[in-house]
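So the structure is just underneath, and the comments pick up after that.
Derivation of every value follows stated rules applied to the coordinates shown; laboratory data play no part. Since the structure is predicted, the reported quantities are computational estimates derived from the model, not experimental observations. Counting neighbours? That spans all protein chains shown, and the Cβs are built from the backbone with ideal geometry, glycine included.
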Amino acid sequence: MTLPIDRERRLLQAMIAVLAFLPVVAGLSGVALGPAMVEATGGGVSADSHLRYLSGLLLAIGLCFWRTIPVIERAGSTVRLLTFLVFIGGLARLASLIALGPPALPMLGGLIMELVVTPLICLWQMHLARRYHSIAIAGLPTTPGPPAGARTRDPRAKDDRAIADIGRGRDIRPRSLDERAR
């Protein structure tokens, strides 16, 4: 069973809103706490600087994911780029796991987010974008709107007398005498 496209869009938007919260919080924590965030002390000033820089990148990735929410069906290139960055970071984390053994549980959760969840979100966005594209080619509305032939207020109108005939796409606003003479 396929969800209506507007419902699928809202679900993806909600998922991104929730999931992007994790890198935003982790990034802010890393920027604020430095190595103390991961209980790593003794690395010196350079390690602190590097960890805070990487935390800033993590924060930015989360914020960029949030930025895609309003236009998720058209944000494919941004979502793919962010997914690529996250996936490469996940591969680096996986290399650490192989070389040094498993990290703390939150880091393993990050690994799953980076190598599994984020690519799945990207695939979902691509699917949604294809659905929107197919509907646009067919000339169908993507959200439920007024039925064909329905009369509603024209948003461009300067007064309440202006009405547009949505179903036929013609403007039936009252014309002034000067316009009628033309």
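At-a-glance table
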{"item": "Distance (nanometres) between label positions extended 7 Å along Cα→Cβ at Leu100 and Leu123", "result": "3.1 nm"}
{"item": "Rg over Rh [alpha-carbon atoms, Kirkwood Rh] for segment 7-151", "result": "1.12"}
{"item": "Simple spin-label estimate for Ser29 and Trp66 in nanometres, 7 Å along Cα-Cβ", "result": "1.7 nm"}
{"item": "At R0 = 35 Å, FRET efficiency that the Cβ-Cβ distance of Leu11 and Ile88 yields, to 0.05", "result": "0.80"}
{"item": "Footprinting exposure proxy for Phe84, Phe65 (fewest neighbouring C-beta atoms within 10 Å first)", "result": "Phe84, Phe65"}
{"item": "Stretchable slack from Ala36 to Ala138, in nm (0.36 nm times residue separation minus alpha-carbon distance)", "result": "31.2 nm"}
{"item": "Packing-based exposure ordering (other Cβ within 10 Å, fewest first) of Phe87, Phe21", "result": "Phe21, Phe87"}
